[in-house]
Amino acid sequence: MTLEQCKIIDLPKIADPRGNLTFIENNRHIPFEIRRVFYLYDVPGGADRGGHALKKCHQFLIAMSGSFDVITYDGKNTQRFHLNRSYYGLHLPPMIWREMDNFSSGSVCLALASESYSESDYFRNYNDYLMAIGGSAP
Ligand code: TYD
């Protein structure tokens, strides 16, 4: 997979003076079936998350509150995404190295995933990932 496949996807937004509403339906708004949901919260200032690539799992990340950055790398190119709204998200297909930083205080990252959690789906070692994709350090 390459960075061109890492896409910001807009979600439906029902604007309402009582508060806005966004919804996500399986296979309709994001390009995979949702098997798992997890979220990052209480992230201390200056903390970094991510630092891995996934072999099979697609993920879709949304800043439900506050903001953070996702830095992607595909073996050739790198790109930084700033997520700061709950009506869009970032689709990360498999085999993309990602790091997350710049979390604002009180931020919440919602992650939708195409697979159940499996440690064997992770590349946690950057050199192992580079070897697998035949890439080089950016
Ligand atoms: P990890 O994916 O490394 O977090 P991040 O990429 O946000 O820094 O996961 C941190 C720990 O949580 C790790 O020990 C695995 C565990 N974990 C689960 O048990 N289930 C899950 O669905 C996820 C995402 C993580």
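The values are calculated or read from the model by the stated rules, or taken from the named source; none is laboratory data. This structure is a prediction, so every number in the text was calculated from the model and none was measured. Note: ideal-geometry Cβ built from the backbone for every residue, glycine included; neighbour counts use all protein chains shown.
Observations, loosely collected:
- The lone exception for M95 - which of (1) buried (at least 18 other Cβ atoms within 10 Å of the Cβ); (2) within 15 Å of the ligand (Cβ to nearest atom) it fails: (2)
- Verdict on E99 being acidic (D, E) and in contact with a strand residue (DSSP E or B) (Cβ under 9 Å, 6 or more places away or on another chain): yes
- Against the conditions (1) among the polar types (S, T, N, Q); (2) modelled with pLDDT of 95 or more; (3) exposed (fewer than 15 other Cβ atoms within 10 Å of the Cβ), N27 satisfies every one except (2).
- Where N84 falls short, out of the listed (1) surrounded by 13 or more Cβ atoms within 10 Å (Cβ to Cβ); (2) in contact (Cβ under 8 Å) with a residue 24 or more places away in the chain: (2)
- Residue under evaluation L21, criteria (1) under 15 Å from the mean Cα position of the chain (by Cα); (2) of a type in the set (A, V, I, L, M, F, W, C); (3) surrounded by fewer than 14 Cβ atoms within 10 Å (Cβ to Cβ), criterion not met: (1)
- Every residue from region 79-125 that is outside any strand (DSSP E or B), farther than 17 Å from G46 by Cα and either at pLDDT below 95 or in contact with an Asp or Glu (Cβ under 9 Å, 6 or more places away or on another chain) (or both): Y87, P94, M95, I96, S114, E115, D121
- Filter pass, G106 being away from the ligand (no atom under 15 Å from the Cβ), farther than 15 Å from H29 by Cβ, crowded, with 18+ Cβ neighbours inside 10 Å and small (G, A, S): no
- One residue stands out in region 36-78 among those that are in a strand (DSSP E or B) and in contact with a Pro (Cβ under 7 Å, 6 or more places away or on another chain): the one that is farthest from Y126 (Cα to Cα), namely T78.
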